[in-house]
Amino acid sequence: MTRPEFRWNGEGFTDWDHLDHVWVVDVASGEARQLTCGTRFKEGDLSWSPDGKQVLFASDRREQPWFGDPAEDNGLYAVAADLAAPSDGAAFTLVADIEGPIAGFTPGPGGKWLAWGGVRPKPIRSYDQNDVLLFEGAWPLSKPRVLTAEKDLAVGETTSGDMHPPRGGGALPLAFTADGGIVFGYAWQGSTRVARLDLGSGEVDDFTPPDCDVYAGTLSANGRTLALAMGSTGSPGDLWVFDVASGEGACLHTPNADLLEEAGLGEVEEIWYDSFDGKRIQGWIVKPPGFDSARKYPLVLQIHGGPHVPYGVAFFHEFRVLAAAGYIVLYTNPRGSTSYGQEFGNCIQYAYPGDDYHDLMAGVDFVLARGYVDEKRMGVTGGSGGGLLTNWIVTRNDRFAAAITQRCVSDWAGMYFSCDFAMYNDSWFKSTPWRDRAHYESKSPVWDLDKVNTPLMVLHSEEDWRTPIAQGEAMFRGLLAQKKPTVMVRFPGESHELSRSGAPSRRVQNQQHIRRWFDHWLQGKPAPEYGL
């Protein structure tokens, strides 16, 4: 190894001799021809030029990107589709490059181009929203016009869900309409929406309602019809079409309607509450079927990761499984979550975990005040950054009778040295572990394991390179050394994406373990497989 980034979560070790490059295939003959090559840079996000003579692609052409600003990454390039021999750069034409990412790109009429991405300010922030960008003129394209600069919207972003198609492709739409407007997708207050932007007035009007979760869509070639895959808290996803001119929509296909009716799902209630400093926090309560407010139910607090990835109105199978088993499930978007504007998303920089912990506890108190939760039968769980916050919670209070930390972070210095992306930038920590040891340790729950009294299950995948399995092992072994109740469940062959795109059988096993651990500690059921 000569580079700090040599493996990637979900992909494994990088084969530098066979990076992702651009190929074209003749439909009639099936003959494939390579257009780009090289062992230093790879290409992705392909599209044809409007005249079909060139292939456009995004590529980070920096020699050592891991030492630079993470925002100064992809530029957009073009290569001739009839190139005689593959090139590693000499035959490329620079289409557009800005001081920040170009995450998506769409051609339009009259030499106009749409993109979503954005110029990144200095100093580096841990979270930056993208905008809709409009380029005009000849290549290389000049400085773009930022169409959503005053809107404070998370353009191109979605909310979290465990039923989104993980490998099926698809993206939010970004395109010119027949009447000269623009359609684009964005996240706002826990929902993913598609809107129309009027180029003249700059006004943005939603096609989709606020209680829907759009996760893929396209605009027809004539710019008049919008097709969307769209779900909600009550459905994983349906197929819709919208007339761009009138905004009217119709549902074409509801593949899960019969199954969902048979399942008899409980209600999902949206809530807003005040945190300790008055900041407003959004959340949702999933109630069991046949919910009775006069009863006392066990509660499970679910915490999202990212940390800049929000929960929302997407369908969550895991939450529904727990609710069907008699649990109240609470999930919230503490500070640091996206879809609430730039400042709300970035306010945890250099302070994570921190005040987001208090946001979560305020949510639990809000639900307890309703009177239908048994305070002595509460559990907490989360994955990735949610696993970090789960670890943080059990090292700071004994309010929960059981906890499950999934694909967690426990030691930030260990993350710096072992995760798949090289943490050589100052967006999360101001310095390195050897120069700022106190800060790294102060945000690492592993250094407070002596304070844990909550029974803890550790769920981790053995091929998780985003939060390597040693992060979970540290929690498990540290508690075991103190003879505190703990168990670790390891998933061979799975990555950080286990609960979203793992093998179906292992996703089922993952949820079975979650149920069994909470059923024992919150409902008193035997669990001999854990020695309980």
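The values are calculated or read from the model by the stated rules, or taken from the named source; none is laboratory data. As the structure is a computational prediction, the values presented were derived from the model and not from experiment. Using ideal geometry, Cβ is built from the backbone for each residue, glycine included, and neighbour counts are taken over all protein chains shown.
Filtered by the rule that a residue be surrounded by fewer than 17 Cβ atoms within 10 Å (Cβ to Cβ), assigned to a strand (DSSP E or B) and modelled with pLDDT of 95 or more, region 188-240 gives 225, 227, 239. For region 96-103, state whether one or more residues are touching a Ser or Thr at 6+ places or on another chain (Cβ under 7 Å), modelled with pLDDT under 90, outside the structural domain of residue 511 (by TED's automatic domain parsing) and not hydroxyl-bearing (Ser, Thr, Tyr). Looking for residues that are touching a Ser or Thr at 6+ places or on another chain (Cβ under 7 Å), modelled with pLDDT under 90, outside the structural domain of residue 511 (by TED's automatic domain parsing) and not hydroxyl-bearing (Ser, Thr, Tyr), one finds none in region 96-103, hence no.
So for region 334-355 (the condition being free of Cβ contacts under 8 Å to residues at least 60 places away in the same chain, farther than 30 Å from residue 524 by Cβ and touching a helix residue (DSSP H, G or I) at 6+ places or on another chain (Cβ under 6 Å)), does at least one residue qualify? Yes, the conditions are met somewhere in region 334-355.
Would it be correct to say that residue 335 is of a type in the set (D, E, K, R), crowded, with 20+ Cβ neighbours inside 10 Å and under 25 Å from residue 212 (Cα atoms)? For residue 335, the condition - of a type in the set (D, E, K, R), crowded, with 20+ Cβ neighbours inside 10 Å and under 25 Å from residue 212 (Cα atoms) - is met. Per the listing 484, 525, the residue uniquely surrounded by fewer than 18 Cβ atoms within 10 Å (Cβ to Cβ), free of Cβ contacts under 8 Å to residues at least 60 places away in the same chain and touching an Asp or Glu at 6+ places or on another chain (Cβ under 7 Å) is 525. Here residue 174 meets the list (1) at pLDDT 95 or above; (2) surrounded by 22 or more Cβ atoms within 10 Å (Cβ to Cβ) almost entirely, failing just condition (1). Would you say residue 264 is touching a residue at least 24 places away in the same chain (Cβ under 8 Å) and touching a Ser or Thr at 6+ places or on another chain (Cβ under 9 Å)? So residue 264 fails the test. In region 500-508, is there at least one residue being basic (Lys, Arg), surrounded by fewer than 18 Cβ atoms within 10 Å (Cβ to Cβ) and either not in a helix (DSSP H, G or I) or not assigned by TED's automatic domain parsing to the domain that holds residue 404 (or both)? No, region 500-508 contains no residue that is basic (Lys, Arg), surrounded by fewer than 18 Cβ atoms within 10 Å (Cβ to Cβ) and either not in a helix (DSSP H, G or I) or not assigned by TED's automatic domain parsing to the domain that holds residue 404 (or both).
Answer yes or no as to whether residue 313 is at pLDDT 95 or above and in a loop (DSSP other than H, G, I, E, B). Considered against the rule, which asks whether it is at pLDDT 95 or above and in a loop (DSSP other than H, G, I, E, B), residue 313 comes out as yes.
Would region 80-102 turn up any residue that is under 22 Å from residue 37 (Cα atoms), in contact with an Asp or Glu (Cβ under 9 Å, 6 or more places away or on another chain) and in a strand (DSSP E or B)? Yes, that holds for at least one residue. For region 278-300, filtered to residues that are in a strand (DSSP E or B) and in contact with a helix residue (DSSP H, G or I) (Cβ under 6 Å, 6 or more places away or on another chain), the residue that is farthest from residue 519 (Cα to Cα) is 281. Here residue 287 meets each of (1) outside the structural domain of residue 521 (by TED's automatic domain parsing); (2) surrounded by 18 or more Cβ atoms within 10 Å (Cβ to Cβ); (3) touching a residue at least 40 places away in the same chain (Cβ under 8 Å) with one exception, condition (1). Has region 471-482 got at least one residue that is in a loop (DSSP other than H, G, I, E, B) and not polar (S, T, N, Q)? No, that holds for no residue. Could you list, in sequence order, the residues of region 341-356 that are of a type in the set (Ser, Thr, Tyr) and crowded, with 18+ Cβ neighbours inside 10 Å? Matches in region 341-356: 352 only.
Listed here are the residues, each with its yes/no results for (1) surrounded by fewer than 21 Cβ atoms within 10 Å (Cβ to Cβ); (2) over 22 Å from residue 352 (Cα atoms); (3) among the aromatic types (Phe, Trp, Tyr).
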{"site": "428", "(1), (2), (3)": "yes, no, yes"}
{"site": "432", "(1), (2), (3)": "yes, no, no"}
{"site": "435", "(1), (2), (3)": "yes, no, no"}
{"site": "438", "(1), (2), (3)": "yes, no, no"}
{"site": "461", "(1), (2), (3)": "no, yes, no"}
{"site": "494", "(1), (2), (3)": "no, yes, no"}
